[in-house]
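A.B. asks: Can you read through this structure? Questions will come right after.
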Amino acid sequence: MIPSSGGKTLALNDEELARLDELLAGANEEESMTLEEFDGFTAATLSSPAPIGPDELLGEILGAAPDTAAAGLPPDDRETLMRLLRRHRDHVSQQLHEGEGFSPVLAYDEAGRVDGRGWAIGYLRGVGLRADDWTPLDDDDDFADILDPMVRLADEFDPETGELREAIPVDERAALVEEMIGNAMDAFAFFQEARERALSPATVRRDQPKVGRNDPCPCGSGRKYKNCHGGQ
């Protein structure tokens, strides 16, 4: 499980990020997300208008049931994996709530050029967990195209064949990635009220009329409610 640790969270340093990437691969090499995918996935699931439980999140991140996917890791490594996942998720949440200075984890090629495809894939996987709850974006003229840069980057290669569908020109990619990150922040803000409503305590509804303190106790004891169950 990866519940929030709460409070201010420092960003993982380069060594910790490298360790997290290594542990993700070691937990389930064929199915686990890469670090970049996990970062995009985290941004999307934190933005989701509907809460997503930690077990569901972890199962998606590791590509299998949590206890099965990480079973091959030594206990110390598994503990480190969970700690780093939690810390990174908390830090992403912190940045999104602050609304500025969001610094995603992105892959770069040997020439130092940003790629962004893994982040886009992770983000769309996060959206897909609660796809129906994201439909209000489609109904808003200002936000209907907010996922377009994620889709374009994610669809650059065919996932089945690995073949290039439509190459994104080098001079456009950096701007597209920048647009994607800005849109992710906008999506988080768009669903802020929906998240707050979903997380607020449900209104208590009474199925039976309220019992007065001097009324007979409903338990049938014959005593006044205040001297019976009402006094407990």
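A.B. asks: List the GluC sites (Glu not before Pro) within region 113-173 that fall in a DSSP loop (any state other than H, G, I, E or B) and whose Cβ has at most 15 other Cβ atoms within 10 Å.
C.D. replies: Here the sparse-neighbourhood loop sites are E160, E163, E166.
A.B. asks: Per residue, how many Å² of accessible area does region 107-171 show with a 1.4 Å probe?
C.D. replies: Solvent-accessible surface per residue comes out at 61 Å².
A.B. asks: Under a point spin-label approximation (7 Å from Cα along Cα-to-Cβ), what is the D67-A175 distance to one decimal in nm?
C.D. replies: A separation of 5.2 nm, rounded to one decimal place.
A.B. asks: While we're on this one: So, with a 1.4 angstrom probe, what is the percent of accessible area on region 1-112 that is carbon and sulfur?
C.D. replies: So the carbon and sulfur contribution to the accessible surface is 48 percent.
A.B. asks: Which of the peptides 83-91, 48-56 is most tightly packed, and how do the rest follow, judged by the mean count of other Cβ atoms within 10 Å per residue?
C.D. replies: Working: 83-91: 19.8, 48-56: 14.9.
Ranking, from highest mean packing down: 83-91, 48-56.
A.B. asks: Could you rank the peptides 189-195, 179-185 by their average count of other C-beta atoms within 10 Å per residue, with the highest value first? Spell out each step's value before the answer.
C.D. replies: Numbers: 189-195: 15.1, 179-185: 19.4.
Most protected by this proxy first, the peptides run 179-185, 189-195.
The values are calculated or read from the model by the stated rules, or taken from the named source; none is laboratory data. Computed from a predicted structure; not experimentally measured. Cβ: placed from backbone, ideal geometry, glycine included. Neighbour counts: every protein chain shown. Heavy atoms of the whole protein, side chains included, go into the accessibility calculation; ligands, DNA and RNA do not. Shrake-Rupley method; radii C 1.70, N 1.55, O 1.52, S 1.80 Å.
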